[in-house]
Amino acid sequence: MIRRLFISLIFVLGILPGALALERTLTAEEETLIKAIGVHNSAISSMAGRFLQIDTAGGRVEGTFFLQRPDKIRFRYAPPSREEIVSAGRGFYILDRAERTKYVYPQDKVPLRQFLTDQIDFLNANLSDVVMTDTFISITLFDESPIGTVEVALVFERESLDLWQWTLIEPSGAELTFSIYDVEKDIEIPRSFFYIDSSYQSLSSPNQ
């Protein structure tokens, strides 16, 4: 189940037709806020907390996450799942600790990578939409991949400048939302948390 959700996270928007770059000029307020978000989050060396994934049908998946800049992240899903998603900059691995198997996806196929760098610069990324409310700003990015155009909308709190959630929308209109909470910043994370066990059997990734 977790592997299916992560496949959606990477590929679900890959077949959206006609995804375009932002067709308007950013306002001065938007540009200033987006730049501040990049500076603020680039300066956070590490973070850990809890996450919740919710799909259109109301299915919920919870767990914990650990992030170490640059390029390292680990999602550990709550029991009864034995699956994890781990990246140490070489790719994103889906690990099944029960079956001792792993799937790997190239780092540049995962939209989240643009938040993992220690030099976040959304103003020079591929922007397709920016929406502001009184409390949040949503920044939608896109990338071209072998399967088409990939988009992800990152939602930040305007006051704290922290990432709150990201949302993916399927061509059918179904949504997958990933929210984070109980976040601690600039904490010590053991290097072993981002270790990829070479003894795990490698399995063929879908869409390859």
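Table for the structure above
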{"item": "Distance in nm between pseudo-label sites at Asp118 and Asp197 (7 Å out along the Cβ direction from Cα)", "result": "3.0 nm"}
{"item": "GluC sites (Glu not before Pro) restricted to DSSP loop in the range 23-119 with at most 10 other C-beta within 10 Å", "result": "Glu23"}
{"item": "Within straight-line cross-link reach of Lys102, aspartates and glutamates at Cα separation under 13 Å, skipping those fewer than 8 residues along the same chain", "result": "Glu83, Glu84, Asp197"}
{"item": "Placed amide H near Ile187: partners under 5 Å, 5+ positions off or other chain", "result": "Ser46, Met47"}
{"item": "In sequence order, calculated HN-Hα J values of the range 42-54 (Karplus, 6.51, -1.76, 1.60; Hz; x Gly/Pro)", "result": "4, 7, 7, 6, 7, 7, 8, x, 10, 9, 9, 10, 10"}
{"item": "Rounded if a/c under 1.5, otherwise prolate or oblate - the range 33-74, Cα gyration tensor axes", "result": "oblate"}
{"item": "Aspartates and glutamates whose Cα lies under 16 Å from that of Lys35, excluding same-chain neighbours fewer than 8 positions away", "result": "Asp118, Asp121, Asp129, Glu157, Glu159, Asp162"}
{"item": "Integer Hz, Karplus 6.51/-1.76/1.60 couplings in order for the range 72-81, x for Gly and Pro", "result": "10, 8, 9, 10, 10, 7, 5, x, x, 4"}
{"item": "Computed label-point distance, nm, for sites Leu26 and Thr101 using a 7 Å Cα→Cβ extension", "result": "4.3 nm"}
{"item": "Label-point gap, in nm, between Ile189 and Ser81 - each point 7 angstrom along Cα→Cβ", "result": "1.7 nm"}
{"item": "Karplus-derived 3J(HN,Hα), 6.51/-1.76/1.60, for each residue of the range 188-199, Hz, glycine and proline x", "result": "7, 10, x, 4, 5, 5, 10, 7, 9, 5, 5, 7"}
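Read-outs throughout are calculated quantities, based only on the coordinates presented, and are distinct from any laboratory measurement. None of the values given here were measured: they were computed from a predicted structure. Quick reminder, even Gly has a Cβ in these numbers, built from the backbone with ideal geometry, and neighbours come from all protein chains shown.
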